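Please read the structure below before turning to the comments.
The values are calculated or read from the model by the stated rules, or taken from the named source; none is laboratory data. Bear in mind that the values here come from a model prediction, so they are computed numbers and not experimental data. Here Cβ is always computed from backbone atoms with ideal geometry, including for glycine, and neighbour counts include all displayed protein chains. Side chains are part of the model used for accessible areas, which takes the heavy atoms of the whole protein and leaves out ligands, DNA and RNA. Shrake-Rupley method; radii C 1.70, N 1.55, O 1.52, S 1.80 Å.
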Amino acid sequence: MAVVEAYAELARRVLASPARLGRTRLVAVDGPSGAGKSRFAARLADALAGPLDGRPPVVHTDDLLDGWDDQVTFWPRLDEGVLAPLRNGKPGAYRRYSWVRRCFLPRPVPVPVAPVLVVEGVSAARAVVRPELTLAVFVTAPASLRLARAVDRDGPAILPELRRWHDGERAHFAVDETSTHADLLVDGAPTLPHDADRYYVRLR
């Protein structure tokens, strides 16, 4: 059953929960491409900004991919650069991939030690990191709508790669059982009337 819930209340829930990645509460926002993960992560980060006196860092896994073929194999880059330092109470960093230049940019993006870190992207809530997650979110939406959103955003030229990507993420989610283990299943294409800046629609 779909229920409208407030980002502010979810933010309070996160902050009331224990940190499991060193001193940091790790929130993973997972789900297939085009489902609405980035939007959800941004709005949750906005809701956390008030209680934290500053917006928490948000890492997008798309920024860590070495091109289309690095769909789920990027993880060591995230773990070594960001998660491992935070595990030990130290700041992390990563280099952002440029999809235009097709290479990693030289300047590192710092990730400070913070009360909350939001990691958003396909496979962000994978099994290997579940013990360290304070909250695992899975955002879902119909495949046809997700495809249309991606084409609207990036143009029809990406369709061959995008279809291959969708096959890869379906295979990953089937093996990983990500949605089954998520703490929160979110409707990324809700029909219930609500203020989307302040509320989201929970499916489970």
Quiz prompt | Formal net charge of residues neighbouring residue 148 (Cβ-Cβ distance under 15 Å; K, R +1; D, E -1) | solution = +2
Exercise. Leaving out ligands and nucleic acids, note down the accessible area per residue over the chain with a 1.4 angstrom probe, in whole Å².
Key: 49 Å²
Exercise. Specify the residue with the greatest mean-square fluctuation among 98, 144, 33, computed from a Gaussian network of the chain linking alpha-carbon atoms under 10 Å apart.
Key: 144
Quiz item: Okay, helix-only estimate at 222 nm for the chain: each DSSP H run of n ≥ 4 adds -39500 (n - 2.57), divide by all residues, round to 500 deg cm²/dmol; what do you get?
Solution: -9500 deg cm²/dmol
Quiz item: Hey, can you rank 188-199, 109-120 by average C-beta count inside 10 Å, highest first?
Solution: 109-120, 188-199
Quiz item: In whole Å and largest first, what semi-axes does the C-alpha gyration tensor of the stretch 1-104 yield when each eigenvalue is scaled by 5 and square-rooted?
Solution: 26, 19, 12
Quiz item: How big is the shadow of the Cα convex hull of the stretch 88-182, averaged over all directions, in nm²?
Solution: 8.0 nm²
Quiz item: Given a 1.4 Å probe and every protein chain left where it sits, what share in percent of the accessible area of the stretch 1-121 is carbon and sulfur?
Solution: 52 percent
Practice problem: Label the chain by shape, choosing from rounded, prolate and oblate, from the square roots a ≥ b ≥ c of the eigenvalues of the Cα gyration tensor; if a/c is under 1.5 it is rounded, and otherwise prolate applies when a/b is larger than b/c, oblate when it is not. | Solution: oblate
Self-check item: Built amide H within the under 5 Å cut-off of residue 60, gap 5+
Solution: 120
Quiz item: What is the stretch 51-124 by shape, rounded, prolate or oblate, if you read a ≥ b ≥ c off the alpha carbon gyration tensor as root eigenvalues and call it rounded for a/c under 1.5, prolate for a/b larger than b/c, and oblate otherwise?
Solution: prolate
